[in-house]
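The values are calculated or read from the model by the stated rules, or taken from the named source; none is laboratory data. This structure is a prediction, so every number in the text was calculated from the model and none was measured. When we count neighbours, we look across all protein chains shown, and the Cβ atoms used for this are built from the backbone with ideal geometry, even at glycine.
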Amino acid sequence: MISTDRAIIVEGKYDKIKLASVVDGVIICTDGFRVFKDREKAALIRHYADTTGIIILTDSDSAGFKIRNHIKGIVKRPENVINVYIPDVFGKERRKNKPSKEGKLGVEGIDEKTLEDAFRKAGIDTDKRKKGDIDKVLLYELGLTGTPDASERRKKLLAALSLPELMTANPLIDILNTIMTADELRKVCQDINDKNTEESR
């Protein structure tokens with residue numbers, strides 16, 4: 001089990017139940033979009049962000065990213081925020097009658113091993129993040145930003161690393177710096193390019 005002093009922000013009570021089997025720590029539910037108008041919940045989140053720091057873990061769909069961005073926007077110390085991302089896994093939670101709008105599993109539907117891996121990718125295993133050497137310049141050099149096919153290249157990289165496809169450049173840099181060095185990123189990108197070349201033959 002992973003242990004952290006940071007408060008973990010999730011969307012719903014079923015996410016909280018699932019996460020409690022993986023992480024030992026304070027877990028706060030946003031109750032979906034209610035957090036947009038809940039002043040008391042916002043004050044509680046800001047308190048943890050100012051003191052122990054917070055971890056944001058939302059679903060990998062567009063709604064989850066809206067909630068994630070809202071929380072990042074209401075805290076006064078963004079440097080105390082760590083983002084944990086679950087991969088895009090398509091399917092349906094057992095308690096639901098039909099899949100979500102985008103067909104992706106939420107936090108509650110992700111297995112424990114994948115959740116643990118997501119926390120470790122963000123450096124939460126020891127709560128000490130590795131400082132990497134990946135920046136926007138490197139992403140540009142690798143064709144991941146600023147080129148006509150950058151979006152498609154990022155999408156393939158995110159799929160290779162089991163990260164959500166909706167992730168943009170800035171959060172991508174943050175998470176990459178916790179899981180690899182610049183040289184390792186170059187190697188992954190080269191492997192993807194080699195695979196694409198083989199498939200196009």
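Suppose we filter LEU163, LEU176, LEU158 for residues that are at pLDDT below 90 and in contact with a Pro (Cβ under 9 Å, 6 or more places away or on another chain); which single one remains?
Of LEU163, LEU176, LEU158, the one residue that is at pLDDT below 90 and in contact with a Pro (Cβ under 9 Å, 6 or more places away or on another chain) is LEU163.
Residues of the stretch 32-61 being among the aliphatic types (A, V, I, L, M), under 21 Å from the mean Cα position of the chain (by Cα) and under 23 Å from PHE119 (Cβ atoms), which ones?
Scanning the stretch 32-61 gives VAL35, ILE45, ALA49, ILE54, ILE55, ILE56, LEU57.
If you go through the stretch 146-183 one residue at a time, how many are of a type in the set (Gly, Ala, Ser) and within 16 Å of ASP88 (Cα to Cα)?
3
Looking only at the stretch 48-102, filter to residues that are assigned to a helix (DSSP H, G or I) and hydrophobic (A, V, I, L, M, F, W, C); which one of those is nearest to PRO164 (Cα to Cα)?
Among those residues, the one meeting the criterion is PHE65.
So ILE28 clears everything in (1) crowded, with 20+ Cβ neighbours inside 10 Å; (2) in contact with a Phe, Trp or Tyr (Cβ under 9 Å, 6 or more places away or on another chain) except one condition, right? Which one?
For ILE28, the failing item is (1).
Return only the number of the condition from (1) free of Cβ contacts under 8 Å to residues at least 12 places away in the same chain; (2) under 19 Å from the mean Cα position of the chain (by Cα); (3) farther than 21 Å from VAL10 by Cα that ASP183 does not satisfy.
For ASP183, the failing item is (2).
For the stretch 7-58, which residues satisfy the criterion of being touching a residue at least 40 places away in the same chain (Cβ under 8 Å), more than 19 Å from GLU108 (Cα to Cα) and either not small (Gly, Ala, Ser) or not assigned by TED's automatic domain parsing to the domain that holds ALA122 (or both)?
The answer is TYR48, THR52, ILE54.
Are there helices (runs of 4 or more DSSP H) fully within the stretch 126-201 with at least 1 residues that are in contact with a Cys (Cβ under 9 Å, 6 or more places away or on another chain), surrounded by 14 or more Cβ atoms within 10 Å (Cβ to Cβ) and not assigned by TED's automatic domain parsing to the domain that holds LYS66? List them.
Qualifying helices (runs of 4 or more DSSP H): 150-160.
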